[in-house]
1. Given the residues Tyr148, Tyr91, Tyr155, which is the only one that is among the hydroxyl-bearing types (Ser, Thr, Tyr), surrounded by 17 or more Cβ atoms within 10 Å (Cβ to Cβ) and modelled with pLDDT of 80 or more?
2. Is there any pair with a first residue in segment 478-491 that is under 10 Å from Leu447 (Cα atoms) and a second that is not in a loop (DSSP other than H, G, I, E, B) whose Cβ atoms are under 7 Å apart and which are 6 or more apart or on different chains, and what are they?
3. What single numbered condition from (1) more than 23 Å from Glu291 (Cβ to Cβ); (2) touching a Pro at 6+ places or on another chain (Cβ under 8 Å) fails to hold for Ala446?
4. For residues that are in contact with a Ser or Thr (Cβ under 7 Å, 6 or more places away or on another chain), surrounded by fewer than 24 Cβ atoms within 10 Å (Cβ to Cβ) and of a type in the set (D, E, K, R), tally how many sit in segment 303-337.
5. Could you check, for segment 400-420, whether at least one of its residues is more than 18 Å from Pro353 (Cα to Cα) and assigned to a helix (DSSP H, G or I)?
6. Going through segment 176-211 one residue at a time, which ones are surrounded by fewer than 17 Cβ atoms within 10 Å (Cβ to Cβ) and touching a residue at least 60 places away in the same chain (Cβ under 8 Å)?
7. It is to be established whether one or more residues within segment 450-461 are surrounded by 23 or more Cβ atoms within 10 Å (Cβ to Cβ), part of a loop (DSSP other than H, G, I, E, B) and of a type outside the set (Lys, Arg).
8. So for segment 210-223 (the condition being under 22 Å from Ala335 (Cα atoms), part of a helix (DSSP H, G or I) and modelled with pLDDT of 90 or more), does at least one residue qualify?
Amino acid sequence: MVLKLLVGRFVQITEDNMAFSFLFTLLLGLATYLMMQHRVAQMTRTPVWLLWLVLMTPAFLLSGWTLMYGAKQSPPPTLIIWSLFVCPLLYWILFQWGRQAPTDTPIQAPAEALESQPAIQATPEPIVRHIEPKEETQLRNCFPWSVYYIQNIEYRPQAVICRGQLRTQASNAYQQIKTNIESQFGDRFVLIFQEGFNGKPFFVLVPNAQAARETNIPRRNQERLTRPALAVLLLIATLLTTTLVGVEIAGVTLPPLWQIGSLFKVLSNPDILFKGLPYALALMTILGIHELGHYLTAKFYNIRSTLPYFIPVPFFLGTFGAFIQMRSPTPNRKALFDVSIAGPIAGFVVTLPLLIWGLAHSDVVSATEKTRLLNTDALNPKYSILLAVLSKLALGSQLTAQSALDLHPVAVAGFLGLIVTALNLMPVGQLDGGHIIHAMFGQRTALVIGQIARVLLLLLALVREEFLLWAIILLFMPLVDEPALNDVTELDNGRDIWGLLAMALLIIIILPLPQAIASFLQI
């Protein structure tokens, strides 16, 4: 009771000072991110933005609840208790997971970052030794003058940089020089080919820490990349949490689940659980196929990656999604593009029929002042071009200009699938869309596009408050991602077209339905 009164009072204050509340949340998020970037980033491989998002989830939930329902309806204590308990636990698990599992990827920063470091004469010997003076001739012989005319070699703490003039196609140059390096030095180095700030491509030899470790690590430990038992355990846990959320979406009021007796009573009632399965199975299918698209494409390119792991949470949507981690470098921009676009396309292909079926079984209700984009009991389909078109296709003349949708649980999962697809396609940093833009235009141009996208989404959030959380997340997400080994060779025209289609899909998901199209569709 005390917790409920405190939460209600907080929401009342937030409602009365909405602008101050969001400004405070933004400043709190900024301060938290800066502290984590300064202290946590050096201690774990888990992305700082993911740790930050988990840590800020309770604040975002309270702000989001107030945004949707105002002060007239206090958030349930279950939401607050579970978020305050689960989020710190999840933060600790993600932190330790990144800290305990050493990376197999020898690239810790984009090769261009090495250009800003001064050349040195002597450095402490790393795990794998750099080029010795007597070996420099061997290194120069690896660069035929008709392929890449080498002009100078710079020795840096992290790598050896070879600069010169490219005299053939980038793909041919990389492959031939890579073969030469391997014939002379074996697996001592990983070769990176990237464009510099001046537009001229250069080669970087990075000590292969993976090869050094594998000489001292037992074979059985080297093969512990995929952990099927962990993946299955997380899958079952997420099925449970999404089913419980699906029960509430189906209209069944659950008792407080933090009480062991109440939780056991719900879990032992198949009739209740069955009502939550449509939402749970639909959502997990969409998320699972999305990550499976990434995983299978990575396997096709021989990129070492983990199995898809779900993240269960007993509130909100029932899950924070699923993810895989790639543990070896991406060979080229073609592979980067294919791995990145495979997830959103695979997820969207599954989302489309599920969403259409769910919309066809949804109820049409009258639009009221509670009609919002994120209110699945009275959702305005015109907030999204694609959602409006699909709704009209599924419901026909039942849908009018004064209509809203009370979504079927499967439609809720499909709608969330659209949101997940759009969020992943945002052309920012380490998101799928950021990788796609990087592969299409190169890393330097991708940085500019990512910054423009963040500003545009922030401006859109000023008009459409539903995008505020997205804008805040993207604002703190790093723009730079790791380069491909051959980051110079451009994509073919076919992949460029697919990339533009992916950006077009993003636009028709997030932009509202224009009035001209609404009049044509009679909605």
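1. Criteria check complete, one pass: Tyr148.
2. Filtered contacts from segment 478-491: Pro478/Trp49; Leu479/Leu447; Leu479/Gly450; Leu479/Gln451; Val480/Leu447; Asp481/Gly434; Asp481/His435; Asp481/His438.
3. In the conditions (1) more than 23 Å from Glu291 (Cβ to Cβ); (2) touching a Pro at 6+ places or on another chain (Cβ under 8 Å), Ala446 misses (1) alone.
4. Counting residues in segment 303-337 that are in contact with a Ser or Thr (Cβ under 7 Å, 6 or more places away or on another chain), surrounded by fewer than 24 Cβ atoms within 10 Å (Cβ to Cβ) and of a type in the set (D, E, K, R) gives 2.
5. no
6. Scanning segment 176-211 gives Gly196, Phe197, Ala211.
7. Checked against the condition, which is being surrounded by 23 or more Cβ atoms within 10 Å (Cβ to Cβ), part of a loop (DSSP other than H, G, I, E, B) and of a type outside the set (Lys, Arg), segment 450-461 yields no hits at all.
8. no
The values are calculated or read from the model by the stated rules, or taken from the named source; none is laboratory data. As the structure is a prediction and not an experimental result, all values here were calculated from the model. Methodologically, a virtual Cβ is constructed for each residue, glycine included, from the backbone with ideal geometry; neighbour enumeration extends over all protein chains shown.
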